[in-house]
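Read the structure below first, then the notes.
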Amino acid sequence: MIENLKIAVLQVDLAWENPSKNRELFSEKIAAINQEVDLIILPEMFSTGFSMNAENLAEVHLGETFKWMQNIASQKKSAVTGSLIIKDDGKFYNRLYFVYPDGTFKTYDKRHTFTLARENETYAAGKQRLTLEYKGWKICPLICYDLRFPVWARNTEDYDLLIYVANWPETRIHAWDVLLQARAIENMSFCIGVNRTGVDDNKHVYNGHTAVYDCLGKALFENDNQSEFTQIVSLDKSHLTETREKLKFLQDRDTFSLK
């Protein structure tokens, strides 16, 4: 177990439907990280942008971009996470991979497909939430639209870190800011939201606002930056433990099960 988990978050203007260019872009930005980190977080659909063109863009499970993630994890001795367009067992998924430094991995399929963009007509919805362990930290990774559904994120398993990878547009960025902070506060957890920037070929504008909050909803760095950047943030486990022990809010949570 490590007391301080060092995270690298990458806010990037994605190349539309161009996996090779995006892999090259992220390779350059990750190579420029000049300190050791424990986890590198990339946006939702980081190899393509938020596209419904799954028929032409989908990779097979454990395909080329997944192997690229394994190589990055091995080179940087860091876990890597982000979501991709995947075809598996005849269905398309918006699938998040969490790749450990040794190449092993966990997956999470986006539960709440975005009906406003008709994502539900292309991608199958995931059925199970993922909570994983890494270096003594319990982590729950989710995807974009999941942020609007607090029951799905409810901290019933005492996770330490909640992560959202996203392509969240500028038109609704106020909701992104508020809900990320709320998820941190209500779950007494660190909460990270990694968004993209730029304009996609559907003319949707993305203005970033990648953010990291502590378990009291305090921003650990300024989160209104609209440009590309890589930010390193250290999460302090002792701060989390001490705050939970002092306030004990999670002890009063409701017990329920999801169907």
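The values are calculated or read from the model by the stated rules, or taken from the named source; none is laboratory data. Keep in mind it's a predicted model, so treat the numbers as computed, not measured. Quick reminder, even Gly has a Cβ in these numbers, built from the backbone with ideal geometry, and neighbours come from all protein chains shown. Protein only, heavy atoms only, side chains kept; ligands, DNA and RNA dropped before computing areas. Shrake-Rupley method; radii C 1.70, N 1.55, O 1.52, S 1.80 Å.
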**Fill in**
In the stretch 169-230 the accessible area split gives carbon plus sulfur, as whole percent at 1.4 Å, a share of 50
**Request:** Roll a 1.4 angstrom probe over the protein heavy atoms and tell me the percent of accessible area of the stretch 30-78 that is carbon or sulfur.
**Result:** 45
**Convex hull per residue volume in Å³, alpha carbons only, for the stretch 150-230** = 91
**Asked** Calculated from DSSP H runs of 4 or more alone, at -39500 (n - 2.57) each and per residue, what is the 222 nm mean residue ellipticity of the chain, nearest 500?
**Response** -7000 deg cm²/dmol
**Complete:** Placing one equal point scatterer on each C-alpha of the stretch 1-94 and summing with Debye, one gets log10 I(q)/I(0) at q = 0.13 Å⁻¹ equal to -0.45
**Item:** Solvent exposure of the chain as accessible area per residue, Å², 1.4 Å probe
**Value:** 45
**Message:** To make sure I understand the rule: partners must be aspartates and glutamates, Cα under 17 Å from the Cα of LYS218, and not fewer than 8 residues away in the same chain. Which ones qualify?
**Reply:** ASP160, ASP177, GLU186, ASP236, GLU242
**Fill in**
If one builds a Gaussian network model of the chain from Cα atoms under 10 Å apart, the most fluctuating residue listed among MET188, MET52, MET69 is MET52
**Prompt:** Of LYS21/LYS67; LYS135/LYS248; LYS106/LYS237; LYS91/LYS127, which ones are farther than 18 Å apart at the Cα?
**Reply:** LYS135/LYS248; LYS106/LYS237
**Request:** Please give the peptides 148-156, 161-169 ranked by average Cβ packing (other Cβ atoms within 10 Å per residue), highest first, as a rough proxy for protection.
**Result:** 161-169, 148-156
**Item:** the stretch 83-161, dipole about Cα centre (Lys/Arg Cβ +1, Asp/Glu Cβ -1), debye to the nearest 20
**Value:** 180
**Fill in**
Taking 0.36 nm per residue of separation between LYS218 and GLU121 and subtracting their Cα-Cα distance, the length gained on full extension comes to 31.2 nm
**Prompt:** Computed over the Cα atoms of the chain, what is the convex hull's projected area averaged over all directions, in nm²?
**Reply:** 12.8
**Request:** Using the charge dipole of the chain (Lys, Arg: +1 at Cβ; Asp, Glu: -1 at Cβ; taken about the Cα centre), state which of PRO141, ALA117, SER234 has its Cα farthest towards the positive end.
**Result:** PRO141
